[in-house]
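Below is one structure, written out as structure tokens; the observations come after it.
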């Protein structure tokens, strides 16, 4: 009955019709082996791969360019121009040149403090962006450490619980043999069976938590 309830819950979660057959191709041992493999290949944290950190870094770069742009407004600017004129009818004596090349130099002197105000604001925005970047760096670093600690802790718990499952299975097998021999009561056999099922349930739960923890580590590394 519990197995069928589990299948029905799975059908509900993946959107299958009630009664539609489900075939599980992976057993719990293969999933456990995957957990062991995941523990050995979890890559070190590179914060530069994180999308949130990339975003605040980009915002900081844009704010820095704004500072440079506002500083450039203090610099003089020069503009070159060129013109060519050809007259269809012209007097015998024409002093106007056909080609004219010139330059216009603009030197900013007074701006009523507007340029300085804009530069100061750009510097403030850049400082804010750097503070935000530092804050995100600290938050992501702490978050990754906690996720990695959780992952390693769950892996150790899974290894311990696997041994508990094996012990509970041995006890159940012995109890079953003794029950067949009439040495123990059905109540003792039922108790041993419950202990084994509880150990298996805990083992499966830890395995699921470990897989979710590994997924969280890949998310923070933007390695999905």
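The numbers here are math on the coordinates, done by the rules we state, and not lab data. If you're wondering where the values come from, they're calculated on a predicted model, not measured in any experiment. Positions of Cβ are generated from backbone atoms using ideal geometry, with glycine treated the same way; all protein chains shown enter the neighbour counts.
A few notes on this one:
- The fewest-to-most ranking of 51, 207 by surrounding Cβ atoms within 10 Å reads 51, 207.
- Extension gain (nm, one decimal) between residue 152 and residue 139, 0.36 nm per residue minus Cα-Cα: 2.7 nm
- Relative exposure of 53, 81, 137, judged by other C-beta atoms within 10 Å (fewest first): 81, 137, 53
- Sorted fewest first by neighbouring Cβ atoms within 10 angstrom, 103, 45 come out as 103, 45.
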